[in-house]
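Chemist: Here's a structure for you.
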Amino acid sequence: MRKRLFFIPLLIFLLMFSAILSACGKEKTANSSGQKVLRIGYQKNCPLVILKERGTLEKALKKYGYKVKWIQFQAGPELLEALNAGSIDFGRTGDSPPIFAQASGSSLVYVAAGISKYKGSGILVKKNSGINKLSDLKGKKIGFAKGSSSHFLLIKALEKAGLSINDIKPAYLQPGDARAAFEKGAIDAWVVWDPYTADAQRLPNTKLLVNGAGLTSDRDFFVASSSFAHAHSDILKIVLNEVQQSSDWANHHHKETADMLSPLLGIDKQSLMIALNRRTYGVQKISNNIVKEQQDIANTFYKLKIIPKKVTIKNNIYNIYKGNGKDDRK
């Protein structure tokens with residue numbers, strides 16, 4: 001009898017504890033699905049900043065029960081690490097970081113591309129440096145961000161001059177450090193992208209040796225986690241439509257865009273106007289030509305042993321516009 005009296009309260013306790021655990025699990029599931037939060041990774045210098053500042057995406061997704069959480073990253077590789085870890089659902093990066101992510105086994109998917117911005121990417125030198133053509137870069141110390149779009153641009157520029165990366169002295173520097181080194185004369189040339197290019201062009205005794213014309217397309221890519229893309233392609237379409245709308249606004253409102261970006265980037269409005277005047281924001285469907293461009297970068301990096309294994313770009317393409325007929329988002 002005593003054993004029974006002891007067992008009954010214990011059984012009740014166990015049943016209650018099990019119910020609490022079950023309720024907690026249900027509550028967690030309900031919260032996850034009920035909140036429907038879209039987590040977007042962005043960098044200060046990217047088209048998503050314009051979308052974020054305008055606040056239109058929040059309005060567009062509100063009626064679908066979604067909230068938007070913006071998470072800032074310093075660079076593309078960090079953003080893609082977060083995407084692979086499941087910390088964000090969607091983001092934008094340059095052309096090179098996704099290749100490194102794929103080489104590391106990431107299941108990211110490319111969902112759309114940006115418009116080529118080669119005019120704002122280039123090689124900067126001092127006017128009195130004696131560097132007047134690409135072949136003059138031989139033996140020079142050149143600053144650039146390793147594994148970035150500027151890395152690929154430099155490789156192609158050297159190839160055009162009959163040189164290789166072994167013919168120069170590489171200095172792996174992020175834009176901020178490279179700018180300081182360039183001004184001090186610690187490097188002979190600097191390979192970078194806008195708006196840093198535009199800002200540096202305004203320095204005394206500085207010239208743009210070449211831009212990316214004929215060397216690289218240098219475009220943005222909008223990426224998502226594979227699971228989110230397959231489960232929520234309808235939401236991604238809305239997001240990309242809002243990116244296009246904010247891009248159209250920026251393309252027609254350069255002054256207002258410069259006013260918006262200047263305090264965020266710490267770059268003066270005059271430099272931003274130069275960058276804006278030679279760039280067109282927009283969203284494109286990932287065509288076969290764009291896949292080919294990206295594959296060329298991947299093949300180049302593998303050939304030079306910058307990435308550890310071959311990467312097949314088409315394996316990570318998720319075409320959310322499939323079946324939309326002639327709508328190529330151009």
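Chemist: Find all pairs meeting these conditions: Cβ atoms under 6 angstrom apart; at least six residues apart or on different chains; first residue within region 191-216 and among the small types (Gly, Ala, Ser); second residue open to solvent by 30 Å² or more (accessible area, probe 1.4 Å).
Modeler: Listed by first residue and then by second, the contacts come to 198/274; 212/118; 213/118.
Chemist: Just to be sure before I move on: is residue 210 within 18 Å of residue 57 (Cβ to Cβ) and touching a helix residue (DSSP H, G or I) at 6+ places or on another chain (Cβ under 7 Å) in the structure I sent?
Modeler: Answer is no for this residue.
Chemist: For region 49-74, give me each residue that is more than 10 Å from residue 242 (Cβ to Cβ), part of a helix (DSSP H, G or I) and out of contact with any helix residue (DSSP H, G or I) (no Cβ under 7 Å at 6 or more places or on another chain).
Modeler: If the condition is that a residue be more than 10 Å from residue 242 (Cβ to Cβ), part of a helix (DSSP H, G or I) and out of contact with any helix residue (DSSP H, G or I) (no Cβ under 7 Å at 6 or more places or on another chain), then 52, 62 are the ones that fit.
Chemist: Oh, and also: Kindly provide the set of residues from region 38-97 that are touching a Lys or Arg at 6+ places or on another chain (Cβ under 9 Å), charged (D, E, K, R) and exposed (fewer than 14 other Cβ atoms within 10 Å of the Cβ), ordered by number.
Modeler: Once the filter is applied, which keeps residues that are touching a Lys or Arg at 6+ places or on another chain (Cβ under 9 Å), charged (D, E, K, R) and exposed (fewer than 14 other Cβ atoms within 10 Å of the Cβ), region 38-97 yields 67, 69.
Chemist: Does any residue in region 113-131 that is under 13 Å from residue 210 (Cα atoms) and open to solvent by less than 10 Å² (accessible area, probe 1.4 Å) come within less than 9 Å, Cβ to Cβ, of a residue that is aromatic (Phe, Trp, Tyr) and in a loop (DSSP other than H, G, I, E, B) six or more places away or on a different chain, and which pairs are these?
Modeler: Taking only residues 6 or more apart or on different chains, the pairs are 120/193; 121/193; 122/193.
Chemist: Let me ask you something else. Consider only pairs whose beta carbons are under 9 Å apart and that are at least six residues apart or on different chains; among these, list those whose first residue lies in region 70-83 and is in contact (Cβ under 8 Å) with a residue 40 or more places away in the chain and within 25 Å of residue 36 (Cβ to Cβ) and whose second residue is part of a strand (DSSP E or B) and open to solvent by 30 Å² or more (accessible area, probe 1.4 Å).
Modeler: Cβ pairs passing all conditions: 82/39; 82/71.
The values are calculated or read from the model by the stated rules, or taken from the named source; none is laboratory data. All of these numbers come straight from a predicted model, not from anything done at the bench. In this analysis, Cβ positions are derived from the backbone assuming ideal geometry, glycine residues included, and neighbour counts consider all displayed protein chains. Side chains included, ligands, DNA and RNA excluded: accessible areas come from the protein's heavy atoms. Shrake-Rupley method; radii C 1.70, N 1.55, O 1.52, S 1.80 Å.
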